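Beneath this line is the structure, given in structure tokens, with notes to follow.
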Amino acid sequence: MNTLNERIKKVRKALDLTQQEFADKLSIKRNTVATYETGKSNPSDAAVILICKTFNVSETWLRTGEGEMFRALSRDQE
């Protein structure tokens, strides 16, 4: 897993979501998720931040592949 598009797909699969479910949670089109995952288009910075916020994903991991996929939840978030 070394590209942003592969990591987006890995996040979706880790959460056991279809492309449609993933898209719905982000309020984007399923086709947009598909283009991200296939590498046909790259998500904007805003889209990357939205994915990280929505699914508690580490932005560093999503962008670079370094560290853990998910951020540790604080007691309040659990």
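Listed values, structure above:
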| read-out | value |
| --- | --- |
| Region 47-73 residues that are under 14 Å from residue 12 (Cα atoms), paired with ones that are among the polar types (S, T, N, Q) and open to solvent by 20 Å² or more (accessible area, probe 1.4 Å) (beta carbon under 6 Å, 6 or more apart) | 70/56 |
| Counted residues, region 19-78 - those being part of a loop (DSSP other than H, G, I, E, B) and not acidic (Asp, Glu) | 20 |
| Scope region 3-14; condition surrounded by fewer than 15 Cβ atoms within 10 Å (Cβ to Cβ) and either aromatic (Phe, Trp, Tyr) or farther than 18 Å from residue 64 by Cβ (or both); matching residues | 13 |
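The values are calculated or read from the model by the stated rules, or taken from the named source; none is laboratory data. Here the structure is a predicted model, which means the values were calculated and not measured. All Cβ positions, glycine included, derive from the backbone under ideal geometry; neighbour counts span all protein chains shown. Ligands, DNA and RNA are stripped out before the accessible areas are found, and what is left, the full protein with its side chains, is counted by its heavy atoms. Shrake-Rupley method; radii C 1.70, N 1.55, O 1.52, S 1.80 Å.
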